[in-house]
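Input: a single structure, listed below in structure tokens.
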Amino acid sequence: MDIKEKFGIRLRTLRKEKGLSQEELALKSGLNRPYISAIEKGKRNVSLEVMEKLAEAMGVQIGELVDF
């Protein structure tokens, strides 16, 4: 499993723990739902800026996104 897949699984886990749908996370983060879906499937290489948006939208530290 590569790093993109690990990140996607971690993002999905945190999102579900927070009770958010992909659509809700997209709205809170300013990203679009298909992009969130692609990240969770391990198909996107996420920038630090995107990681920051996702972390802020879920109320977590960026480090929690990479705590595999």
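The values are calculated or read from the model by the stated rules, or taken from the named source; none is laboratory data. The structure presented is a predicted model; accordingly, all values stated were derived computationally and were not measured. Every residue, glycine among them, receives a Cβ derived from its backbone with ideal geometry; neighbour counts consider all protein chains shown. These accessible areas exclude ligands, DNA and RNA; they are computed on the full protein's heavy atoms, side chains included. Shrake-Rupley method; radii C 1.70, N 1.55, O 1.52, S 1.80 Å.
A few notes on this one:
- Check on Leu65, out of contact with any Ser or Thr (no Cβ under 6 Å at 6 or more places or on another chain), modelled with pLDDT of 95 or more, open to solvent by less than 50 Å² (accessible area, probe 1.4 Å) and aliphatic (A, V, I, L, M): yes
- Residue tally, condition farther than 13 Å from Glu5 by Cα, in contact (Cβ under 8 Å) with a residue 24 or more places away in the chain and not basic (Lys, Arg), over the range 37-57: 3
- If you go through the range 1-31 and keep only what is open to solvent by 90 Å² or more (accessible area, probe 1.4 Å) and more than 17 Å from Glu64 (Cβ to Cβ), you end up with Met1, Glu23, Leu27.
- Annotation: Val60 fulfils all but one of (1) touching a residue at least 12 places away in the same chain (Cβ under 8 Å); (2) out of contact with any Phe, Trp or Tyr (no Cβ under 9 Å at 6 or more places or on another chain); (3) not in a loop (DSSP other than H, G, I, E, B); the unmet one is (3).
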